[in-house]
Structures are given as structure tokens and as C-alpha cells.
Amino acid sequence: MTTPAVTSASAGADRRPTHALVASALVGPLLTAAGLLLTYAVHDRLPASLALHWGPDGRPDRFASLTEAVVTASLMTALLPMLFVVIGAAWHPSARGPLAGFSGAVAVFLGGLLFGSLTSQRPGLVARVFPTVWLVPTLVLAVAVGVALWRWGHLPPPALDGAPRHLRTGALRLDVPDTTRLAWTGHAALPDVGILLVVLLAVTPLVVVAVLGVPWLLLLAVAIAALLVLTGSARVAVDADGLRVTSLFLTWSRVPLERVAEARTGTVSPLREFGGYGWRIGKDGSRGFVTRSGEALVVERVGEPPVVVTVDDAAEAAAVLNTLASRRS
Amino acid sequence: MLWQVDPTSSTPLHVQVAACVRREMAAGRLERGDRLPSAKEVAGVLDVNLHTVLRAYQSLRDEGLIDLRRGRGAVVTATDPAADARLRSLVADLVAEARLTGTTRHDLTRLIESEFQR
């Protein structure tokens, strides 16, 4: 196989993922500063003892002084999202955008949750875990900040220099006439038990909060459950446009033929290589839609980390992709 | 599953599309209850008309191999294609006829290959 053909100007020169990651590291401290200012502005209206933790019955079960409550909220808002920033710094640059988005969204969520419930408390009233007046703006802002940082940190694929590429001699391929239109379709799906478990884990806290007094959260729980069920499986298609991995309206991955260096089969361990199941980013920047251990289609890309999808008959899919890619060169 | 059609072949496209499904069944890669990709998806990946795929699916349904239901798509109902049995029977007749006329195995193979290339 020839060396992947990418122009030197686009190879790693883009610093946006790192900038987005640095920006996401600032979200927590900035929100902490804003939270401190807000707390200071209302501190003379707050009760002497502030609720810090709520039990499963929705009633506060741990209280603290203003200083302790403020320190806890500040440390959690400023430091917890840093975990994702540190991971992003250690991982491949192409993973930094998504991690920056996640870190920023977590910072906004924690800031809204902690300072919202803290500054809304008043003497004589039962403290709410996440007052509705804070909940909606917090969720909206968390999604907005997350998406903005993710997009900012998106690493565009390197420009191709247009030089013809030749597939490695031993690469899987099909012996069919060039006039044959080839395609391959398959799917990658989490087992039903796995989906049920993920849905239960994700939705149970929302259902508990909904039952405890925020009924409209049930709608959110149903929506999230539906989204998880629908994104627990993906359609995989290989055709004259390349590889596509999609769930409903979501495109998890798209690799045009001109960016296919070589497709092959591999053995994947989702937990070890991707830290979990579903749509994942690996430490080396590889993208994976991984739903089980074992055989997977691995698509090496030109100048970018590979895409991994757990499908049956991966060798056939790889052969179709290689055959189609070799026709373009 | 693998889809392949050759627009330059004299075999109609819908017959070629149906053959792709039969081949998967014969190879044991499709089982009863498996769902085929939607006709729209197949038409998209093969860059053929939607009606071509629908016609292929309808012929598979008429053979009792798949079930077509609105909202459920195409579901495999049988995996032992009658076509496979028919082909075996035709090949047996062909070989018997070749023996009768003194055609060698080599010549018969060549005749089959030239038929494929038409």
C-alpha cells in the first residue's frame, strides 16, 4: 500500500481541537465565579443551614453552612469537568473536540444544578434538588455550550493531494467485472438486554425525580429512552459513496471511497479498546460503533484514525469496500 | 449482505437483485425471521430504481421466501429456496443430456461459462 496521500499543510497543523479543549477547561471556573457572585448577591436571604444533599424521597438529608455549601459547589463545578479535559489532552487530537463539548456541557450542568439549588433556598421553605426555573435554562445552555465546543474542536479531514493510491496487494477484494455495481448492507446492534440495561441506567434517575415532584421530566425520560433504543443499533452500508454508519437521522460515520486507505477485518473488545458500547472514540482517535466483542470491520482512513464497526461477515464488507475504492484510483 | 448487479448483463436487474437474496439464503447467511434492508435502501446503495427492488422483493414473496408487510418491511419466511432445488434438477437434466450427446465435461463447462458471459 502506498503511503497515505495527504498534503503537509493539513496534516496536524490545525490547532482548533486543542483551543476548544482549553476553552472547555475555562467554562467550569467561569461559571464558578458567576455562581460565587450570585451567591454573594443573595447571601443575606439564604437560610443559616443549607441543604447539600437530597435523599431518594426528595427531601434534603444533609445540611451545611453557607461556606461549606459554596466550597462544595465551587470545587465540583470547577474541577469535575477537568477530568474530561485531562483525558482529551492525553488522547488523539481528533478526540479533543467531542471531549471539549462533553466537558463544557458537564460544567454548565453542574454549575446550574449546584448553584441553582443553593441560591434558591429560603428560610422556612423545603429546598428543591433542582428548581424548575433553573433546570430548563441549564439543560438548554449545557446542550448549546456542548455543541458549540464540539463543533469548534472538530478536526477537518486532511486535504487529499489527488495522487492515485493503490490498494495493498494482499487486501481483501472481490473478483468481479468493473461493470458490476457492488454494495453491502448490514447492521450493528446492541443485544436487547444491553439496550434495556442502558435505558434503565439512563432513565431511572429522571423517573425518580419526576415522581418526586417534576412530572414533566417523565416526558424527557420517555424521549431519552426512545432515543437510546433507536440509537442502540445502526445500519451499515457500503456502496459507490463509501461507508456509512447511520441510526435513523443520525450519521455516526461516513467514509468516502477516496478516503479509504484499506478496509480489513479485526477483532474488537469494546470495553478494553473503547471503554464501552455504542458510538465511541478510542484513545488513538479511532471511531467505533461497537455493540459486541469479536469480528469487526476496520476501515483505515487516509490521514485519519480508523473507523471500527462490529458487523457479521466483516470480510465481505471489507472486500466490497476495497474493490470499490480500488476502482477510483 | 452482498448486493451485486451488472447493468450490462442481459439478465433483468430485478432478477439480479432477487438472486442476491437467494444466494444469501443458500449460503445460510439469512435465516427465518431476518429482516431484509428496505427496498429504498437497496435501491439507494445499488443506484437502481426503487420499483426494480420492489419487483425483486415481490417475486421473492411470490416464491414464498419472504413476507412483505407495511411497516415491517421484508422478513424472511423460508430459507430453502425452491429455485435451488429447481436449479439442481435442471443441472441433472443438463448433465444427462450431455452424456447422451457425448459432450465432455470440459465442453459443457465452457458452454455454461459462455452463457454466463452473455
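The values are calculated or read from the model by the stated rules, or taken from the named source; none is laboratory data. Here the structure is a predicted model, which means the values were calculated and not measured. All Cβ positions, even for glycine, are placed from backbone atoms using ideal geometry, and neighbour counts span all protein chains on display. Keep in mind that these areas ignore ligands, DNA and RNA; they rest on the heavy atoms of the full protein, side chains included. Shrake-Rupley method; radii C 1.70, N 1.55, O 1.52, S 1.80 Å.
Which percent of the accessible area of chain B is formed by carbon and sulfur heavy atoms (probe 1.4 angstrom)?
Carbon with sulfur: 51 percent of the solvent-accessible area.
Assigning unit charges at the beta carbon (Lys, Arg +1; Asp, Glu -1) and nothing else, what dipole magnitude in debye, to the nearest 20, does the range A:211-329 show about its Cα centre?
260
Could you give the size of the charge dipole of chain B about its Cα centre, using +1 on the Cβ of each K and R and -1 on the Cβ of each D and E, expressed in debye and rounded to the nearest 20?
Roughly 300 debye for chain B.
Taking springs between alpha-carbon atoms closer than 10 angstrom, which of B:Ala39, B:Ala56, B:Ala27 fluctuates most in the Gaussian network model of chain B?
Among B:Ala39, B:Ala56, B:Ala27, the largest GNM mean-square fluctuation belongs to B:Ala27.
If I model a spin label as a point 7 Å beyond the Cα along the Cα-Cβ vector, how far apart are those points for A:Phe249 and B:Val91 in nm?
5.0
If one takes the accessible area of chain A alone plus chain B alone and subtracts that of the pair, with a 1.4 Å probe, what total in Å², rounded to the nearest 100, results?
So the total buried area for this chain pair works out to about 1400 Å².
With every protein chain present, what accessible area does A:Glu68 have (1.4 Å probe, heavy atoms only), rounded to the nearest 10 Å²?
Surface open to solvent at A:Glu68 totals about 80 Å².
Between the chain alone and the structure with every protein chain in place, find the residues of the range B:35-58 that drop at least 10 Å² of accessible area; heavy atoms, 1.4 Å probe.
Relative to the lone chain, where solvent access is computed with a 1.4 Å probe, the range B:35-58 loses at least 10 Å² at B:Pro37, B:Glu41, B:Val45, B:Leu46, B:Asp47.
How large is the helix-only mean residue ellipticity at 222 nm for the protein assembly as shown, computed as the sum of -39500 (n - 2.57) over DSSP H runs with n ≥ 4, divided by its residue count, in deg cm²/dmol to the nearest 500?
Rounded to the nearest 500, it is -16000 deg cm²/dmol.
So how far, in whole Å, is the C-alpha centre of the range A:50-98 from the one of the range B:38-53?
Computed from Cα coordinates, the inter-centre distance equals 50 Å.
Quick one: ranking A:Val320, A:Val133 by accessible area, 1.4 Å probe, largest first, what do you get?
Accessible-area ranking of A:Val320, A:Val133, largest first: A:Val133, A:Val320.
Counting Lys and Arg as +1 and Asp and Glu as -1, each charge on the Cβ, what is the dipole of the protein assembly as shown about the Cα centre in debye, to the nearest 20?
720
Does a label point 7 Å from the Cα of A:Thr67, set along Cα-to-beta-carbon, have any residues of the range A:28-46 with amide nitrogen under 17 Å, and which are they?
A:40, A:43-44
Ranked by accessible surface with a 1.4 Å probe, highest first, in what order do B:Arg23, A:Arg59, A:Arg301 come?
Ranked from most to least accessible, the order is A:Arg59, B:Arg23, A:Arg301.
Which of the helices in chain A, when you take each full DSSP H run, stretch at least 27 Å along the axis at their Cα atoms and have an average Kyte-Doolittle score of 0.0 or higher?
A:16-42, A:93-119, A:132-152
Before I look further, what does the protein assembly as shown give for accessible area per residue, probe 1.4 Å, in whole square angstrom?
It amounts to 54 Å² per residue over the protein assembly as shown.
Of A:Phe130, A:Ala89, A:Thr67, which is farthest along the charge dipole of the range A:8-152 in the positive direction, counting Lys and Arg as +1 and Asp and Glu as -1 at C-beta?
A:Ala89
If each residue of separation counts as 0.36 nm, what is the full-extension length gain between A:Ser269 and A:Tyr40 once their alpha-carbon separation is subtracted?
Stretched out fully, the A:Ser269 to A:Tyr40 stretch lengthens by 77.4 nm.
Given an 8 Å cut-off on Cα distances and at least 6 residues of separation, report the relative contact order of chain B as a percent.
Across chain B, relative contact order equals 24 percent.
What percent do you get for the relative contact order of chain A when only Cα pairs under 8 Å and 6+ apart count?
That works out to 18 percent.
What are the residues of the range A:280-329 that lose 30 Å² or more of accessible area, with a 1.4 Å probe, going from their chain alone to all protein chains?
A:Asp313, A:Glu316
Go ahead and collect, in residue order, the members of the range A:238-262 whose backbone nitrogen is under 12 Å from a label point 7 Å along the Cα-Cβ direction of A:Leu174.
Once the point is set 7 Å along Cα→Cβ of A:Leu174, A:238-240 turn out to lie under 12 Å by backbone N, inside the range A:238-262.
Between A:Asp312 and A:Val208, how many nm apart are label points set 7 Å from Cα along the C-beta direction?
3.9
Under a 1.4 angstrom probe, counting protein chains only, how are A:Tyr40, A:Tyr277 ranked by accessible area, largest first?
The ordering from most to least exposed comes out as A:Tyr40, A:Tyr277.
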